[in-house]
Amino acid sequence: MAGESGSDAGPDSSPCYLQKFRLYETRSNFYMIGRDKNRTLWMVLKIDRLDPSELTVIEDSTAYSEIECFDLLRRIHEGNRSSGGLKFVTACYGIVGFIKFLGSYSMMLITKRKKIGAICGHTVYAISKSEMIPISKSPNQSNMAYSKNEKRYKKLLLTVDLTKDFFFSYTYNVMHSLQRNLCRNETGEVHYETMFVWNEFLTRGIRNTLKNTLWTVALVYGFFKQVKLSVSGRDFCLTLISRRSRHYAGTRYMKRGVNEKGRVANDVETEQIVFEDVHEGCPTQISSVVQNRGSIPLFWSQETSRLNLKPDIILSKKDPNYEATRLHFEDLVRRYGNPIIILNLIKRFEKKPRESILRAEFANAIRFINKSLSKENRLRFLHWDLNRHSRKATNVLTLLGRVADYALNLTGIFYCQVTSNRRQDGLLTLSCLVKSDECPAKIPSEKSDDFEKWETDVANDNESISENAKPPMFQTGVLRTNCIDCLDRTNVAQYAYGLVALGHQLHAMGFTESQTIDQNSPLAEDLMSVYEAMGDTLALQYGGSAAHNKIFCQRRGQWKAATQSQEFFRTLQRYYSNAYMDAEKQSAINLFLGHFQPQQGKPALWELDSVQHYSIGRNGPNRYNENARPSFKRSLSDGNIVCDMDSPLAPSNIGHRQPLCENRGTFNGLSESTPEIPTSEISYSRMSCRQLFGDMEDQFLEIDGICYDENGDECNCTNFDLDWPSSSGNSCDDDIFDRSTTGLSSENIGAELKIDMTTSPSESGSSIKVSIVVF
């Protein structure tokens, strides 16, 4: 928590938050004076400047008044008058961290800030200006090569622009979701250890020394935007937050897939918060919903190419048991609970197989993992080729909205009533509705007996507090969306999910009678603009250009030629950034996050080759193999992949819990519950839409582990049928899919499949009955 002291605070004491600071210097020390927002608490931090190789910080445990603090500064000035006295350096708003390259430490400070929003009275800030100040008065620059490298490292680090897309709060844990903040009583350093605090490494030294976070701010990187909207004559605030993970972080072609710890590239948590705009002191209804995006959790890569706009996708077979993939989904379960719903938007067919290679392997991985899981804990998996459908006269937002609706019915949303009459500097709590010690750190699964008991207990407590208060609702599980880059197509799907979720949120708050928001309404247009801004920001961070927003442009009726021109320019911009800028950008990120720590006598960061760059951060700082060779081999044939099997991922080297795993036995194809299927032909029986991601009953069909997705593609899954609407929104009668099963195996994923689709014309159009794939 930014600026929070939790070292001496008892369970009933309010934590204090320092928000404004002034830095002074003498020849031997820095003195930082910090005060709280109300000027009632003043504290002093001393930073030693004489030992350049060590970071020595001492916090005065005395809580001063304003007069006492300035009297202390006067005495320090008098005591150092012979060496120049005490001099004012700068005003600041928190310490970003301390960094050491080859010489002494430097201190990174926020010198200007701006308010970008507030969540129930808790202000959220962005950085307007930052400054790096060397700790040592006279750094040793006798070695010219050393001095040159020191300046180069500093210049490289400063390319991480803290004024772009970083945000923080002193009194709100902006690195956590609203549900977690209201349901967990967490303070102090635990917040810095989460995956979304990007200056965890930079603040580690001072936090470990002081055992508090009074002087530092926790920076989150991603996207934050807050807008005021209205519906049915009532105003509300909508906040969209995207938090980018610091684990396995980097640029588009430098970071792909998953690492050995189960961390994926471009891992972003997106939260949509809605609360009513009321006068301070009045009870406030607030709701949030969380979704996730992240790279396909397999070992794959693409080599940066200055000659090829679309480099080949290189798939590694070094993890035959999908241990890293399993670790990734175990982490999602720990973070969000079950169910985990996976929406895979990559292409199903290509003249030269690229994405489709990962599509088949991803399906195999999910099938393998689900084999060891109980029925209720299986991963729910849906393939849907967004690119193919967007080229047709298909309303992809409507189709994606139906997927979102099914997912939300499974996971639910978070909703509660809070009061803004919080303690002076404390956090929001659920105490007005639910006692904090009864609000679990992790909500029980909705399918468990514990959930029903807990829900009843909460409802009973709520009745005793207020007859008019609505009972809280909680989200359990998450929708995880991916395409190849998790940028353009993923952002469209996340907007569709956000629009459906907003309908659920406004309905829960009593703003609307229906849970559905018309896609043509002004409210939907406003939300689209916010998600479009988020997509552009995240795409610039990871891909080097704004997002491709063709579907959004078409939705707004933008001139087709203008859209094509915009898309072409962004393609060139992304190509240039990936080919010429990303290597340096990746180096700066590795330096900022502490994945690479410079050492005298060791190769400099810019002296490492591409393979060593790839290895940075995978096994800890600076642990690269000078003789390493890439485990990926480029294929010269069309669509074939040479997979390196010489570097197996040893399960014994991966320390992890196994909440997903109930049976780690050998996978032999069909699940035990799969019925025998005649080998002549099959017919796909229709299930209700409610069962799209629901319980898998014994009627599902598989043939040698192969079944079909919504376009008849073979994949490893459980099959469901769903009435997808056409652009007209009409449905039609069921269709029967017949297919001879002779010769099907897990190897012929790309085999041709004939599909007989019957359309039912009507006055307003027609629709197609298709088959949906769910594990």
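The values are calculated or read from the model by the stated rules, or taken from the named source; none is laboratory data. The structure displayed is predicted, hence computed values, not measured ones. Glycine gets a Cβ as well: all are built from the backbone with ideal geometry, and neighbour counts include every protein chain shown. Accessible surface is based on the protein model in full, side chains and every heavy atom, while ligands, DNA and RNA are left aside. Shrake-Rupley method; radii C 1.70, N 1.55, O 1.52, S 1.80 Å.
A few points about this structure:
- Residues in segment 267-285 include at least one that is farther than 27 Å from residue 400 by Cβ, assigned to a strand (DSSP E or B) and among the polar types (S, T, N, Q).
- The one condition in (1) open to solvent by less than 10 Å² (accessible area, probe 1.4 Å); (2) assigned to a loop (DSSP other than H, G, I, E, B); (3) of a type outside the set (Asp, Glu) that residue 240 fails to fulfil: (2)
- Taken across segment 558-572, residues that are aromatic (Phe, Trp, Tyr), in a loop (DSSP other than H, G, I, E, B), at pLDDT below 70 and out of contact with any Leu (no Cβ under 7 Å at 6 or more places or on another chain) do occur, with at least one present.
- Residue 194 being polar (S, T, N, Q), open to solvent by less than 30 Å² (accessible area, probe 1.4 Å), closer than 25 Å to residue 106 by Cα and modelled with pLDDT under 95: yes
- Taking segment 507-523 as the range and being surrounded by fewer than 18 Cβ atoms within 10 Å (Cβ to Cβ) and assigned to a helix (DSSP H, G or I) as the test, only 522 passes.
- Beta carbons closer than 9 Å, at least 6 apart along the sequence or on distinct chains, pair a first residue in segment 590-603 that is on the phi > 0 side of the Ramachandran plot with a second that is surrounded by fewer than 19 Cβ atoms within 10 Å (Cβ to Cβ) and assigned to a loop (DSSP other than H, G, I, E, B) for 594/621.
- Leading residue by the ranking (farthest from residue 105 (Cα to Cα)) among those in segment 45-92 that are open to solvent by 70 Å² or more (accessible area, probe 1.4 Å) and in a loop (DSSP other than H, G, I, E, B): 61
- In the condition set (1) outside any loop (DSSP other than H, G, I, E, B); (2) of a type outside the set (D, E, K, R); (3) closer than 23 Å to residue 494 by Cβ, residue 369 is compliant with all but (3).
- Annotation for segment 286-297: no member residue is of a type outside the set (A, V, I, L, M), part of a strand (DSSP E or B) and open to solvent by 10 Å² or more (accessible area, probe 1.4 Å).
- Enumeration of residues in segment 503-518 that are under 16 Å from residue 233 (Cα atoms) and not acidic (Asp, Glu): 503, 506, 507, 509, 510, 511, 512, 514, 517
- As a summary of the residue check, residue 600 satisfies the conditions (1) farther than 30 Å from residue 273 by Cβ; (2) at pLDDT 85 or above; (3) assigned to a loop (DSSP other than H, G, I, E, B); (4) not hydrophobic (A, V, I, L, M, F, W, C) except for the one numbered (2).
- Subset of segment 119-139 (residues that are open to solvent by 20 Å² or more (accessible area, probe 1.4 Å), not β-branched (Val, Ile, Thr) and not in a loop (DSSP other than H, G, I, E, B)): 125, 128, 129, 130, 131, 132, 134
- Flag for residue 317 being of a type outside the set (Gly, Ala, Ser) and open to solvent by 20 Å² or more (accessible area, probe 1.4 Å): yes
- Residue within segment 469-487 that is assigned to a loop (DSSP other than H, G, I, E, B), surrounded by fewer than 20 Cβ atoms within 10 Å (Cβ to Cβ) and not aliphatic (A, V, I, L, M) present: yes
- The number of residues in segment 153-164 that are part of a helix (DSSP H, G or I) and touching a Leu at 6+ places or on another chain (Cβ under 9 Å) comes to 3.
- Some residue of segment 99-115 being free of Cβ contacts under 8 Å to residues at least 24 places away in the same chain, more than 30 Å from residue 272 (Cβ to Cβ), of a type in the set (Val, Ile, Thr) and surrounded by 15 or more Cβ atoms within 10 Å (Cβ to Cβ): yes
- Taken over segment 243-264, residues that are open to solvent by 30 Å² or more (accessible area, probe 1.4 Å) and either within 30 Å of residue 16 (Cα to Cα) or without any contact (Cβ under 8 Å) to a residue 60 or more places away in the chain (or both) amount to 2.
- Residue match in segment 172-179 (condition: in contact with a helix residue (DSSP H, G or I) (Cβ under 7 Å, 6 or more places away or on another chain), touching a residue at least 40 places away in the same chain (Cβ under 8 Å) and among the aliphatic types (A, V, I, L, M)): yes
- Hits in segment 11-44 - residues which are open to solvent by less than 20 Å² (accessible area, probe 1.4 Å) and either among the small types (Gly, Ala, Ser) or modelled with pLDDT under 90 (or both): 15, 17, 34
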